[in-house]
Amino acid sequence: MMEPGNVQRSTPNVQRSNAEGASSLDVGRWTLDVERSSERAAIFIRDVSLTFPGKRLGDEIAVLDHVSARVAKGEFVCLVGPSGCGKSTLLNIVGGFLTASSGEVLVEGQPVHGPDPRRIFVFQENGVFPWLNVRDNVGFGLRGKSKEEREKTIAHYIAMVGLTGFEDAYPRELSGGMRQRVEIARALAANPDIIYMDEPFGALDFITRLKMRADLVRIWQAEKKTILFVTHDIEEAVQLADRVLIMSKRPATIQQVVEIDLARPRDLDSPRYLEKRDEIFRIMGMSLRVGETLSV
Amino acid sequence: MSFRKTLLITAFVVLGGITLLHGALNLGWFAPRATTASGAARDKFRVGFLPVTCHLTCPVTDFINKQTTGGSNFDPVRFHGWPELKEAYLSGYTPVTFILAPMAIALREQGVPIKIVYLGHREGGDVMVHKDSGIYRTEDLRGKTVAVPGRYANHRLIFYRELKKAGMKLSDVNLVEMPPPDMPAALYSRSVDAITSGEPFPGQTEMDGYGRALYRVKEVWPGFISCVLAVHEDVIKNRRAEVQALVDGIAKSGKWLDANMTNRVDAAQFVSKFYYNQHPRLLEFVLSKPPDRVIYSNLKPLRANFEEIEQLAKEAGILQGTAHFDDYVDTSFAPEDDAVQPHPYATAQR
Amino acid sequence: MPRPALRTAHATTLLSFALPVGVGVMFLLGWHAAVRISGSDLFPTPVEVGRGLLELARQGLLLKYVVASLFRVSWGFALAVAVGVPAGLLLGWYSRGFQAFNPMIQIFRPISPIAWIPVAILWFGVTDAAPIFLIFLASVFPITVSSIAAVQNMQPVYLRAAQNFGLSRGELFRQVILRASLPQIITGIRIALGVAWLVVVAAEMIAVNSGLGYLIIDARNAGKRYDLVVAGMVMIGVIGLVLDLLVRQLEKFDEVRWGYARR
Ligand SMILES: Nc1ncnc2c1ncn2[C@@H]1O[C@H](COP(=O)(O)OP(=O)(O)O)[C@@H](O)[C@H]1O
Ligand SMILES: [Mg+2]
């Protein structure tokens with residue numbers, strides 16, 4: 001049914017949106033030129049579906065339904081969608097921690113066969129090792145490097161995430177935001193081409209989250225990494241991304257892609273920013289009139 | 001210091017330190033070694049025994065040997081219970097052991113190469129009741145709780161026979177099996193109405209003033225035997241001279257114990273102190289009050305005695321009756337009683 | 001209203017000593033009174049037990065026995081750790097291995113060390129090796145089982161992070177699986193040390209002629225020396241407490257402290 005190089009539609013989700021009373025919204029559709037984009041893409045996802053076995057035998061939970069997407073080299077892409085729609089699942093497939101039921105994922109032109117140190121994952125649950133201090137955590141991906149190089153790299157990235165002075169601290173002695181910084185530093189120190197981030201700031205308070213976002217953008221600009229960033233927070237996506245991929249509810253597909261062509265650093269009060277934000281809200285079937293809730 | 005380092009260093013220090021301490025305090029590693037001038041000291045066999053009067057000749061012989069010749073030709077090994085004593089024999093750790101006669105016979109029936117070469121004692125052991133109880137005859141035990149030792153104890157077998165003689169069945173009394181060391185406390189606290197075992201435990205209740213003998217076992221079975229000296233057949237085959245020396249030594253110390261009361265009081269002292277770790281008063285009491293409570297003469301194994309034991313044990317269902325006197329006894333080491341002279345040790349000392 | 005005086009750190013530490021000591025004193029008084037009131041002359045009062053301990057100490061036996069018991073427990077327990085932790089890590093990690101061995105472990109686990117006494121004597125005679133073997137058996141299963149559980153309950157995120165950094169199998173075991181399971185393993189080890197110390201009485205029922213377990217059994221043979229029986233019990237209890245306090249020190253290291261609920 002789906003041929004390579006052709007159009008993908010998100011028909012089922014349009015219907016669902018309608019059913020939920022957002023019929024006035026035009027969710028639209030986006031096309032993808034598969035042949036051309038796969039060459040330049042850092043990440044290339046085509047027709048990926050995934051079904052989990054359900055609780056009872058024979059039961060199946062369809063989580064991803066023919067998802068296609070691409071992320072260009074050096075691009076900062078956010079993946080948003082309602083909670084439980086399959087964002088983490090998709091990111092785990094791309095990261096090599098899960099295998100898709102069907103479809104294909106190419107990273108830097110190669111099919112994914114499992115996790116790879118050239119692409120580091122920053123986990124939703126915070127994957128900093130609690131038994132290592134900050135220094136050893138950041139240096140974890142630097143096994144095999146010379147001692148001086150190791151120390152230099154560690155110091156560099158600890159400084160970059162603003163944790164100088166905390167080298168000997170253990171994660172339990174740090175705040176949630178600091179732990180998240182350690183994990184980002186650990187990812188950067190390993191010098192990967194791509195960083196996958198799964199709601200890394202989800203557990204942080206509002207102010208910390210804002211600061212972390214600003215820092216992440218600064219670091220990304222300095223390091224020129226490709227970042228695929230999962231969040232359920234629309235504001236976050238608009239603040240961070242070059243492009244936002246919007247996922248539908250389960251079984252999820254990419255509903256729409258929104259370019260955020262705003263200069264950085266972004267002014268969170270500018271009409272263009274608010275426009276983009278509201279556009280995504282509309283696409284996701286949310287009306288701002290309902291309340292002042294900013295995240296789904 | 002890191003966790004790993006601390007752990008390794010601690011483990012090393014603890015294991016090393018405790019090993020050295022144990023070696024120094026309990027294994028005598030650093031004690032000046034007794035010069036093995038005697039030569040034979042290297043290869044002595046171990047003799048298993050329990051701290052009971054039935055095995056008294058074992059420590060007495062060892063002690064006298066050490067006093068007179070500066071060394072012993074065997075190593076006494078003290079156990080705390082029959083199962084461990086038996087298992088150590090089976091494992092070959094103690095190729096010579098003091099053991100209950102029916103247990104030795106049962107082992108023989110089960111194919112264990114064991115031979116009885118000498119007796120441990122004759123007589124000793126009572127049925128004890130609380131002194132304030134109204135129990136004066138075996139018949140009075142009807143419905144009462146009686147503590148008996150393990151199944152191979154002759155005291156148990158003879159108690160069964162007395163019940164039968166009194167026209168009672170086993171089910172007429174409430175029998176509980178109990179290690180003899182626990183019996184005095186059980187009688188004292190009246191958790192049982194009567195106890196029976198070998199000495200010194202019944203004697204202890206008498207000495208402490210709450211026990212009264214319902215009857216002494218010797219009254220119903222004069223000259224009875226409970227424990228014997230048994231030897232592995234390989235040792236008999238390969239080390240005849242040493243076994244002979246051991247038996248001779250035991251025979252002489254038996255006679256020595258029975259020679260006069262001074263010797264017995266003496267033995268009570270050194271055995272309590274160096275071997276049994278009991279209060280000397282207890283051993284002195286059982287060895288002297290009455291003086292013939294336990295006897296250590298006339299210890300050559302006799303066919304008639306063992307046939308009686310076999311008979312009793314068969315009736316109680318603990319022996320098959322497939323092994324007989326000639327299978328499990330080797331009389332070739334035992335001297336005739338009148339040929340045994342008391343050890344000159346005490347007379348020489350005094 | 002909270003009383004501020006009691007809230008100072010100094011008062012709190014004082015209280016944390018005073019409370020258990022108070023309970024201990026109450027217990028001793030109750031014990032003494034109970035013996036006096038019942039008029040038992042078999043069961044000793046705390047004073048008699050104290051005198052018994054002094055007597056043992058003066059004879060030099062107390063030190064000898066404590067050393068002997070600690071020697072057996074140390075070796076039996078060290079061997080159990082050396083076998084149990086690696087075995088637990090492997091079985092916790094390789095589910096096939098777990099399937100294969102777990103039923104066997106569960107069969108052996110509930111067997112009391114007392115039941116093993118004959119085996120110990122038959123294999124090792126009445127040397128120190130026999131009680132060491134019994135203590136080993138008593139503690140190796142709790143250690144193995146808790147190590148298995150520690151690996152199986154490990155937070156998957158640590159594993160995924162490690163996989164992401166491309167660790168070899170050996171590195172994975174040493175740097176992640178072991179480290180992530182360590183807090184729970186140490187808890188298991190603490191429990192197992194309690195068990196090892198618990199079975200010292202049973203293990204020394206074998207004819208070894210030293211040790212606190214031996215003291216108890218020997219005192220039973222010695223006629224009316226229940227003061228020494230209780231003295232042995234007291235020593236076992238007190239040393240057990242000290243051992244537990246020592247092992248607890250392990251939990252304070254940064255490498256494992258994260259694994260214990262903070263208050
Ligand atoms: N291992 C699994 N087995 C079964 N269902 C799963 C599993 N992992 C996730 N799911 C389900 O898949 C859906 C998507 O999960 P997830 O990708 O974590 O969502 P989110 O978009 O919030 O990250 C959820 O409904 C979840 O319950
Ligand atoms: Mg998620």
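The values are calculated or read from the model by the stated rules, or taken from the named source; none is laboratory data. The model shown is predicted, which means the values in this text are computed figures rather than measured ones. Here the Cβ is made from the backbone with ideal geometry for all residues, glycine too, and neighbour counts use every protein chain on show. Only protein heavy atoms, including side chains, enter the accessible area calculation; ligands, DNA and RNA are left aside. Shrake-Rupley method; radii C 1.70, N 1.55, O 1.52, S 1.80 Å.
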Practice item. Name every residue in the stretch B:173-213 that is in a loop (DSSP other than H, G, I, E, B), open to solvent by less than 20 Å² (accessible area, probe 1.4 Å), farther than 15 Å from C:LEU42 by Cβ and within 12 Å of chain C (Cβ to nearest Cβ), in order of residue number. Key: B:GLU199, B:PRO200
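Here's the yes/no breakdown for (1) polar (S, T, N, Q); (2) surrounded by 19 or more Cβ atoms within 10 Å (Cβ to Cβ); (3) in a strand (DSSP E or B):
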position	(1), (2), (3)
B:GLY71	no, no, no
B:ALA104	no, yes, no
B:VAL112	no, no, no
B:VAL117	no, yes, yes
B:GLY124	no, yes, no
B:VAL146	no, yes, yes
B:LEU157	no, yes, no
B:ARG161	no, no, no
Review point. Just to be sure, is B:GLU123 at negative phi and either more than 22 Å from the chain's Cα centre (by Cα) or of a type in the set (Asp, Glu) (or both)?
Key: no
**Study point:** Odd one out for B:TYR275, checked against (1) in contact with a Pro (Cβ under 9 Å, 6 or more places away or on another chain); (2) within 30 Å of B:TYR160 (Cα to Cα); (3) among the hydroxyl-bearing types (Ser, Thr, Tyr)
**Key:** (2)
Exercise for review: Please enumerate the residues belonging to the stretch A:175-198 that are touching a Lys or Arg at 6+ places or on another chain (Cβ under 7 Å) and open to solvent by less than 40 Å² (accessible area, probe 1.4 Å).
Suggested key: A:PRO192, A:ILE194, A:ILE195, A:TYR196
Practice item. Tally the residues that are surrounded by fewer than 18 Cβ atoms within 10 Å (Cβ to Cβ), part of a helix (DSSP H, G or I) and more than 8 Å from every other protein chain (Cβ to nearest Cβ), restricting the search to the stretch C:147-171. Key: 5
Revision key, fill the gap. When the stretch B:13-26 is checked residue by residue, the ones that are more than 8 Å from chain C (Cβ to nearest Cβ) and within 17 Å of C:THR127 (Cα to Cα) are B:LEU20, B:GLY23, B:ALA24
Check your understanding: Which residue pairs have Cβ atoms under 8 Å apart, sit 6 or more places apart or on different chains, and have a first residue in the stretch A:83-98 that is aromatic (Phe, Trp, Tyr) and a second that is open to solvent by less than 10 Å² (accessible area, probe 1.4 Å) and more than 12 Å from ligand 2 (Cβ to nearest atom)?
Key -> A:PHE97/A:PHE121
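So that you can scan it fast, the table gives a plain yes or no per residue for (1) within 16 Å of ligand 2 (Cβ to nearest atom); (2) among the polar types (S, T, N, Q); (3) part of a strand (DSSP E or B):
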position	(1), (2), (3)
A:ALA169	no, no, no
A:ARG172	no, no, no
A:GLN180	yes, yes, no
A:LEU188	no, no, no
A:LYS211	no, no, no
A:GLN221	no, yes, no
A:GLU235	no, no, no
A:GLN239	no, yes, no
Exercise for review: Within the stretch B:298-315, track down each residue that is crowded, with 18+ Cβ neighbours inside 10 Å and among the small types (Gly, Ala, Ser).
Suggested key: B:ALA313
Review point. How many residues are of a type in the set (A, V, I, L, M, F, W, C), within 13 Å of chain B (Cβ to nearest Cβ) and surrounded by fewer than 22 Cβ atoms within 10 Å (Cβ to Cβ) when one looks only at the stretch C:172-185?
Key: 1
Point to revise | Which listed residue, of C:GLY194, C:GLY166, C:GLY170, is in the same structural domain as C:ILE117 (by TED's automatic domain parsing) and on the phi > 0 side of the Ramachandran plot | key: C:GLY166
Revision key, fill the gap. Residue set C:ARG262, C:ARG190; condition modelled with pLDDT of 90 or more and either within 14 Å of chain A (Cβ to nearest Cβ) or in a helix (DSSP H, G or I) (or both); output residue C:ARG190
Review point. Got a sec? Which of C:LEU241, C:LEU178, C:LEU215 is touching a residue at least 60 places away in the same chain (Cβ under 8 Å) and closer than 29 Å to B:ILE9 by Cβ?
Key: C:LEU178
Review point. Of the numbered conditions (1) more than 16 Å from ligand 2 (Cβ to nearest atom); (2) out of contact with any helix residue (DSSP H, G or I) (no Cβ under 8 Å at 6 or more places or on another chain); (3) at pLDDT 50 or above, A:VAL14 satisfies every one except a single condition; which is it?
Key: (3)
**Study point:** Matching residues, the stretch B:267-282, being out of contact with any Lys or Arg (no Cβ under 9 Å at 6 or more places or on another chain) and of a type outside the set (Gly, Ala, Ser)
**Key:** B:GLN269, B:PHE270, B:VAL271, B:LYS273, B:PHE274, B:ARG281
**Study point:** Answer residue from the stretch A:199-208, given it is open to solvent by 10 Å² or more (accessible area, probe 1.4 Å) and within 16 Å of ligand 2 (Cβ to nearest atom) and is nearest to A:PRO117 (Cα to Cα) among those
**Key:** A:GLU199
Review point. Among the candidates A:VAL230, A:VAL244, which residue alone is within 16 Å of ligand 2 (Cβ to nearest atom), away from every other protein chain (no Cβ under 14 Å) and crowded, with 22+ Cβ neighbours inside 10 Å?
Key: A:VAL230
Review point. Which number in (1) more than 21 Å from the chain's Cα centre (by Cα); (2) hydrophobic (A, V, I, L, M, F, W, C); (3) under 25 Å from C:ILE236 (Cα atoms) marks the one condition that C:ALA82 misses?
Key: (1)
